[in-house]
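Right, one structure below, let's go through it.
Each value in this text was obtained by applying a stated rule to the coordinates, not by laboratory testing. Here the structure is a predicted model, which means the values were calculated and not measured. We place every Cβ from the backbone using ideal geometry, glycine too, and count neighbours over all the protein chains shown.
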Amino acid sequence: MNSLSFLIADNARLLRAVFERRIAQAGLSLTPGEARALLNIAAADGSRQLDIAARMSVEPMTLCAYLDKLQVLGLIERQQCTADRRAKRINLTDSAQEMITALNQEIELILAQATEGLDDRTKEVLVQAMASVHANLQALNSVQQPQPESDESR
């Protein structure tokens, strides 16, 4: 099966598996889940814990365990959300940058191996195409689902 949907999904699965194995072997003192959490926090620093969990497609309690470890390592801080006292905003600490740099180096090595044999122009086209697919899927995902008509509105 060589359909686009299969290739996208399978490449995402393989990329995640390679990332998890590489992070587990890198000696960074982070589990792959903690590494993913830290990278997602870096991408959206100051986000609410619930939003980070949704971004990662994990349960809030799973993320909470990752955050506990990242906080013990001094990589993040939890701060009260001014808009919602029940929520916590997650912020990077100054010392997180070194770990994020190390994680990004691992990702760059993985991507270099994954795109081996592709010239620079092909890589650029691939990035542009994937960005377009991403934007289109985000738009589709944010479209309101039509509500069924009630008997009263007929």
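Dividing the convex hull volume of the alpha carbon atoms of the chain by its residue count gives 188 Å³ per residue. Legend: helices of the chain (whole DSSP H runs) are marked when their alpha-carbon atoms reach 15 angstrom or more along the helix axis and their mean Kyte-Doolittle hydropathy is at least -1.0; marked are 4-25, 32-43, 60-72, 96-114, 120-142.
Within the stretch 44-132, the trypsin sites (Lys or Arg not before Pro) that combine a DSSP coil assignment with at most 14 other C-beta atoms in a 10 angstrom radius are ARG85, ARG86.
Here the relative contact order of the stretch 1-135, from alpha carbon pairs under 8 Å that lie six or more residues apart, stands at 21 percent.
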